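All remarks here apply to the structure that follows.
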Amino acid sequence: MSLLALPLLAFLSIFLTPTTAVSSSTLQLARSHSVAPNAGAPLSAWAASVAAQSAADTARIVSMLTSGAGPLTTRAKPKPKNRANPPVPIAPGRQILSIPNYIARAGLGTPAQTLLVAIDPSNDAAWVPCSACAGCAASSPSFSPTQSSTYRTVPCGSPQCAQVPSPSCPAGVGSSCGFNLTYAASTFQAVLGQDSLALENNVVVSYTFGCLRVVSGNSVPPQGLIGFGRGPLSFLSQTKDTYGSVFSYCLPNYRSSNFSGTLKLGPIGQPKRIKTTPLLYNPHRPSLYYVNMIGIRVGSNVVQVPQSALAFNPVTGSGTIIDAGTMFTRLAAPVYAAVRDAFRGRVRTPVAPPLGGFDTCYNVTVSVPTVTFMFAGAVAVTLPEENVMIHSSSGGVACLAMAAGPSDGVNAALNVLASMQQQNQRVLFDVANGRVGFSRELCTA
């Protein structure tokens, strides 16, 4: 049997060191800073890395869709300041921190302490490793509250304390608000605090975040995370009066190590000519960004997919979300099967053995058809080849960078449009006006 045809876990056990093998049940991506392919043949190391990422993407979807989230704090349209805000440079974390998230430089406290934080639109709360944190990465920078003149703990009994998951107030009202949270394969204990947060020159006074004290597991981004979801403690909600519940990003190619991408905050400075589709709201998963994907084209032909496999249905869990923390797009099984078969039919070349979670791979040069996601509102996003295929570092193998989602359970009907398929696109999240937009923009340097 070919090594590439082995079951995923057996495949990983061959190419990963014993301390880095990733279980298929690992939650939220195992955030691949815990994944380090063993040295060996270039294809073997690349294959192991890709397979591990694929397994972790599956687990991330399970984690983020089962995590609790509070209701939206308001549906009133905010009034942002009438000025453009400086764009925040972002970079792929894969090359810099060995994590799949995109990262930004953040300044926390007074004077500012610099951290490279993950930007995650499918999470709400923010948290950073604090000094003396047990279980945090010892080699990574941490935040020292005692070195900031503006840091304050958030007391029990405050509105913010009521919004965190599993708040802990053993000493009663007025004591520091603690909370416990599960993130991917990790759990942590944190104290809720507030301090000045700067993203580039965008300063937020008294930003509420978790100060990590105890971490179990190695899935937490090593220098912290800022959630851009739709929940009450997300960046979007905490800054709605300043940035109007609007942001966008352009993600550089995941192989880049440059801060050439940008995160834009607020409605001013966003693309004026951008095609938008309605943003949908799922009360069972209120933090996530749902859109109505109505079809998929491979080449010029619309793939024949049952509409029930694409339709948004909060009760059954079906629908489509935009997520920048998952690396490879996951489609509901009947959707993926139809896309895969149409793709193979256009390529007309025998496929190579499967690679981890990818079953449409080629070890010869092929002509790659375009893939187009079609959304309500006559919006069509056509992916170039770099967003469709993932290539080995040696160039010997290329795979369709999509896979089927879970075969059963509440997440089986979900389509997740992931970061690789969003590379070099400006993706606009305009919560105030209930829309998501897409515009081609080259931001890889």
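The values are calculated or read from the model by the stated rules, or taken from the named source; none is laboratory data. Since this is a predicted model, take the numbers as computed values, not measurements. Cβ: placed from backbone, ideal geometry, glycine included. Neighbour counts: every protein chain shown. Areas reflect the complete protein model, heavy atoms only, side chains present, ligands, DNA and RNA absent. Shrake-Rupley method; radii C 1.70, N 1.55, O 1.52, S 1.80 Å.
So the values come out like this:
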{"quantity": "Net lengthening on full extension, residue 169/residue 313 (0.36 nm per residue, minus Cα-Cα)", "calculated": "48.1 nm"}
{"quantity": "Share of alpha-carbon pairs per 5 Å distance bin for region 268-440, given as whole %", "calculated": "1, 8, 17, 22, 20, 15, 9, 5, 2, 0"}
{"quantity": "Solvent-accessible area of residue 383 with every protein chain in place, 1.4 Å probe, in Å² to the nearest 10", "calculated": "0 Å²"}
{"quantity": "With every protein chain in place, region 86-264: carbon and sulfur % of accessible area (1.4 Å)", "calculated": "51 percent"}
{"quantity": "Quotient of C-alpha Rg and 2.2 N^0.38 Å, computed over region 153-214", "calculated": "1.18"}
{"quantity": "Cut-off under 5 Å, modelled amide H: who pairs with residue 123 long-range", "calculated": "228, 229"}
{"quantity": "Å² per residue, accessible surface of region 344-445 at 1.4 Å", "calculated": "37 Å²"}
{"quantity": "Proximal aspartates and glutamates relative to residue 275, as straight alpha-carbon distance under 20 Å, when same-chain residues fewer than 8 apart are discounted", "calculated": "323, 430, 441"}
{"quantity": "Evaluated at q = 0.14, 0.17, 0.19 Å⁻¹: base-10 log I(q)/I(0), Debye formula over Cα of region 86-264", "calculated": "-0.71, -1.08, -1.37"}
{"quantity": "Segment residue 301-residue 112, length gained on full extension (0.36 nm per residue, minus Cα span)", "calculated": "62.7 nm"}
{"quantity": "Solvent-accessible area per residue for region 86-264 (1.4 angstrom probe, square angstrom)", "calculated": "35 Å²"}
{"quantity": "Charge context of residue 354, other residues only, Cβ under 14 angstrom, K/R +1, D/E -1", "calculated": "+1"}
{"quantity": "Potential lengthening between residue 408 and residue 96 on full extension [0.36 nm per residue; Cα-Cα distance subtracted]", "calculated": "108.8 nm"}
{"quantity": "Whole-percent carbon and sulfur share, accessible surface of region 268-440, 1.4 Å", "calculated": "53 percent"}
{"quantity": "For region 266-340: rounded, prolate or oblate by the Cα gyration tensor [a/c cutoff 1.5]", "calculated": "oblate"}
{"quantity": "Phi to ³J(HN,Hα) by Karplus 6.51 cos²θ - 1.76 cosθ + 1.60 over region 195-200, Hz, x for Gly, Pro", "calculated": "6, 6, 10, 10, 10, 6"}
{"quantity": "log₁₀ of I(q)/I(0) at q = 0.15, 0.16, 0.17, 0.24 Å⁻¹ - region 155-261, Debye sum with one point per alpha carbon", "calculated": "-0.77, -0.86, -0.96, -1.39"}
{"quantity": "Relative packing of 319-332, 165-178, 419-432, which averages over residues the other C-beta atoms within 10 Å, highest first", "calculated": "319-332, 419-432, 165-178"}
